[in-house]
Amino acid sequence: MPHPLARHIPNLLTVFRILLVWPLVEALLAGRYGWALFIFVVAGLTDGLDGFLARHFHWTSRLGGLLDPVADKLLMVSSFVALALAGIVPEWLVWLVIGRDLVIVTGAAAYHLLIEPLVAQPILLSKFNTLVQILYVFANLYDRGYARIDPAWIGALQWGLVFTTLSSGALYVWIWSRRAIRKKKQENN
């Protein structure tokens, strides 16, 4: 039987991941891409580990449910912004990634405030979008920090990211708009 304090390990890993954002950004802006890649991979591993521990041992908590997505978004948005500031990824792509998240968060808040309490339900396409984001950041860091990657591969990832960002954002808007309209019709009947 695990120690009673062990149930806090997932939250500690999430906090550690949040603390890794600053050294990651610092490494990116200093052009230490190998080090940035190492930090990015460690952050990814802690994300996987905290999720596994929380699910496997039922060490879930309300705090963890709030902190985990914040840590994920903070890590990804910071990575994209720092990569753009370093001139590695185009600024318009960063605005696209951030814009999608803002549309989703704004829509979720509006639904929660105007329609009914929101129960977040990530869609499969959104999870795939996150995977493409991770692969895109990883590929750019690997390309700069370890060995060159064929630019066509990075370009393909970039356009895949554009597609999954736009399509997943549009799908969220479509799904939740339809739910809101359906709910309002039910209330009016």
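The values are calculated or read from the model by the stated rules, or taken from the named source; none is laboratory data. On a predicted model such as this, the values are computed, not experimentally measured, just so you know. Please note: Cβ atoms are built from the backbone with ideal geometry, for glycine as well, and neighbour counts cover all protein chains shown.
Just give me the residues in the range 29-47 being of a type in the set (A, V, I, L, M) and either crowded, with 18+ Cβ neighbours inside 10 Å or part of a helix (DSSP H, G or I) (or both), in sequence order. Scanning the range 29-47 gives Leu29, Ala36, Leu37, Ile39, Val41, Val42, Ala43, Leu45.
The set of residues in the range 3-28 being of a type outside the set (A, V, I, L, M, F, W, C) and either part of a helix (DSSP H, G or I) or not assigned by TED's automatic domain parsing to the domain that holds Leu66 (or both) consists of Pro4, Arg7, His8, Pro10, Asn11, Thr14, Arg17, Pro23, Glu26.
Selection over the range 118-130 of residues that are of a type in the set (A, V, I, L, M) and either surrounded by 14 or more Cβ atoms within 10 Å (Cβ to Cβ) or within 15 Å of Arg100 (Cβ to Cβ) (or both) gives a count of 3.
Against the definition (charged (D, E, K, R), free of Cβ contacts under 8 Å to residues at least 24 places away in the same chain and within 30 Å of Leu166 (Cβ to Cβ)), how does Glu91 come out, yes or no?
yes
Is it fair to say Trp159 is at pLDDT below 95, more than 21 Å from Val25 (Cβ to Cβ) and among the aromatic types (Phe, Trp, Tyr)? Taking the combined requirement at face value, the residue does not satisfy it.
A search for C-beta distances below 6 Å between a residue of the range 110-132 that is more than 10 Å from Tyr172 (Cβ to Cβ) and not assigned by TED's automatic domain parsing to the domain that holds Asp47 and any residue that is among the hydrophobic types (A, V, I, L, M, F, W, C) and part of a loop (DSSP other than H, G, I, E, B), counting only pairs 6+ apart in sequence or on different chains, returns Tyr111/Leu118; His112/Leu118.
Listed here are the residues, each with its yes/no results for (1) of a type in the set (A, V, I, L, M); (2) under 30 Å from Ser177 (Cα atoms); (3) modelled with pLDDT of 90 or more.
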residue	(1), (2), (3)
Ile39	yes, no, yes
Leu74	yes, yes, yes
Ala82	yes, no, yes
Ile98	yes, yes, yes
Leu102	yes, yes, yes
Val119	yes, yes, no
Asp143	no, no, yes
Pro151	no, no, yes
Gly155	no, no, yes
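Going residue by residue through the range 56-67, is there one that turns out to be of a type outside the set (S, T, N, Q) and within 24 Å of Ala139 (Cα to Cα)? There is no residue in the range 56-67 that is of a type outside the set (S, T, N, Q) and within 24 Å of Ala139 (Cα to Cα).
Could you please find all residues in the range 135-189 being more than 23 Å from Ala84 (Cα to Cα) and hydrophobic (A, V, I, L, M, F, W, C)? Reasoning before the result, please.
Pass one, the range 135-189, residues more than 23 Å from Ala84 (Cα to Cα): 170-189.
Once the filter is applied, which keeps residues that are more than 23 Å from Ala84 (Cα to Cα) and hydrophobic (A, V, I, L, M, F, W, C), the range 135-189 yields Ala170, Leu171, Val173, Trp174, Ile175, Trp176, Ala180, Ile181.
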